[in-house]
1. Kindly establish whether I74 is among the β-branched types (V, I, T) and over 25 Å from S316 (Cα atoms).
2. Which one is surrounded by the most Cβ atoms within 10 Å (Cβ to Cβ), of the residues in the range 375-388 that are farther than 18 Å from L236 by Cα and of a type outside the set (D, E)?
3. Only one of (1) modelled with pLDDT of 95 or more; (2) under 17 Å from the mean Cα position of the chain (by Cα) fails for A233. Which number is that?
4. Select from the range 215-240 the residues that are part of a helix (DSSP H, G or I) and open to solvent by 30 Å² or more (accessible area, probe 1.4 Å) and list them in ascending order.
5. Can you go through D51, D57 and tell me which one is modelled with pLDDT of 95 or more, over 15 Å from A311 (Cβ atoms), open to solvent by 40 Å² or more (accessible area, probe 1.4 Å) and in contact with a His (Cβ under 9 Å, 6 or more places away or on another chain)?
6. Hey, does the range 358-367 have a residue that's open to solvent by 30 Å² or more (accessible area, probe 1.4 Å), touching a strand residue (DSSP E or B) at 6+ places or on another chain (Cβ under 7 Å), in a loop (DSSP other than H, G, I, E, B) and on the phi < 0 side of the Ramachandran plot?
7. Kindly indicate the residue of the range 288-315 that is farther than 20 Å from Y238 by Cα and in a strand (DSSP E or B) and also modelled with the lowest pLDDT among those meeting that condition.
8. What tally of residues in the range 37-48 results from selecting those that are assigned to a loop (DSSP other than H, G, I, E, B) and open to solvent by less than 30 Å² (accessible area, probe 1.4 Å)?
Amino acid sequence: MKIAIMGYGTIGSGVKEVLDMNRAQIEKKGGENIEIKYILARKEHIPGVEDALVTTDFSVIENDPEVELVVESIGGIHPAYEYIKSCLEKGKHVVSSNKAVVDACGSKLIRTAKEHNCNFYFEASVGGGIPVIRTLYHNYAGENVTEITGILNGTTNFILTKMREEGSSFEDTLKEAQRLGYAERDPSADIDGFDTSRKTAILLSMTSGNRCRHEDIYTEGIRNVSDIDMAYAKALGYSIKLLGSVQTVEDKYFAYVAPMMVEEQDPLYPVNGVYNGIRIVGNCLGTTMLYGMGAGKLPTASAVVSDIIAAVRHKSNFQGIGWSDKMIEIEPMGGNAFRYFLRIEGTEEGIEKELKSYFVEDGKVKVHVLPGRKDEFAIISDILFEEDFLSRLSAFEDETGRRVFHYLRVNSGSEE
């Protein structure tokens, strides 16, 4: 099989490296030789790459009948979408690591692939080297998947891990992440949750079998998580993670992206640094966990190469991985239920009655005081629907005159 690589940045160059490094094993598993015929780049010369392989003209790839598969690692939506669509229309298989184009145009591209009896694969678009797409489509094909919750962004997980381990501020840790190359100069896609939101939308589309928009998913990043929040979480036995979550309850779909306090018993608790973890709950299999490098040159390229092998094995038939054009409706964030961690102005004396009126209705109020924090205490509420919680929060501040410095959602299984 002769292939072309479009885009020769981190992922594109990683694909060539993996193909060269593991060639014998890849060709044995695929059943035939895999040869790179073209590399589409902005410049005519790439250091370390034969000039004969490099082209700056997409039409060369598009119109060459010998090219049976194209790897898209350009990034962004345009011109990636137009290039992928054109290749599929020519009957060429396409493998993409591009979460933006999969999220925005996935259903259209899957339909185009079906119409031309070829395949559109996108394993590397979520979780880097973690095989979550193929797991959902193949291994869990007979499951009713009721929940997927994951740490889907290595940059934010690195920042939150360092804040917990070193007690540093968000701002200082972000600067370190940028210095080490984990965060971009403009880190907003990561720290404001948009990267996680796109991946969450892809997972919801996979589990529902229908299309959704990441713009419809409640998305909150980590800019407001402070070293004080982290100190409380650590003292209480929690860790703070940016989670993307999708849940199916009967015929209703819930999804959100938000920083959450995660308890020690949760399999996502020990996922630290740039690693990703994805917890999947099914009605028969119970809870399973996928863990690994969620980004990086070779882990992501490895996922791309696994798709190339799948395309070789299924070169004559459409596999149908993906979802339909039908749009689903995501329930409002107010319909989700959580416990809530609240940092409240004041002292712990004489406030039990006040708190019971708003946040803790059953049992004794547990008040937490962090050493060195004067005129501030914290509590963890009962399980409340978000809409109800926000209403109570507003009433609490208005009627008691107390200020809530910050709140975080807590995974609802907590016994605190």
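1. Values: among the β-branched types (V, I, T): yes; over 25 Å from S316 (Cα atoms): yes.
Yes.
2. Taking the range 375-388 and keeping what is farther than 18 Å from L236 by Cα, we get 375, 384-388.
Pick out the ones that are also of a type outside the set (D, E) and you get 384-385.
Working: L384: 21, F385: 14.
Only one residue tops the list, namely L384.
3. In the conditions (1) modelled with pLDDT of 95 or more; (2) under 17 Å from the mean Cα position of the chain (by Cα), A233 misses (2) alone.
4. Restricting attention to the range 215-240, the residues satisfying the condition of being part of a helix (DSSP H, G or I) are 215-216, 227-235.
Within the range 215-240, E215, D216, D227, I228, A231, K234, A235 qualify.
5. Testing whether each residue is modelled with pLDDT of 95 or more, over 15 Å from A311 (Cβ atoms), open to solvent by 40 Å² or more (accessible area, probe 1.4 Å) and in contact with a His (Cβ under 9 Å, 6 or more places away or on another chain) leaves just D51.
6. Checking the range 358-367: at least one residue is open to solvent by 30 Å² or more (accessible area, probe 1.4 Å), touching a strand residue (DSSP E or B) at 6+ places or on another chain (Cβ under 7 Å), in a loop (DSSP other than H, G, I, E, B) and on the phi < 0 side of the Ramachandran plot.
7. Filtering the range 288-315 for residues farther than 20 Å from Y238 by Cα gives 288, 290, 292-315.
Among the residues that remain, those that are also in a strand (DSSP E or B) are: 288, 290, 292-293.
Numbers: T288: 96, L290: 98, G292: 96, M293: 91.
In this case the residue turns out to be M293.
8. Step one: of the range 37-48, the residues assigned to a loop (DSSP other than H, G, I, E, B) are 41-48.
In the following step, the residues that additionally are open to solvent by less than 30 Å² (accessible area, probe 1.4 Å) were identified as 41, 46.
The total comes to 2.
The values are calculated or read from the model by the stated rules, or taken from the named source; none is laboratory data. Bear in mind that the values here come from a model prediction, so they are computed numbers and not experimental data. When we count neighbours, we look across all protein chains shown, and the Cβ atoms used for this are built from the backbone with ideal geometry, even at glycine. Accessible surface areas use protein heavy atoms only, side chains included; no ligands, DNA or RNA. Shrake-Rupley method; radii C 1.70, N 1.55, O 1.52, S 1.80 Å.
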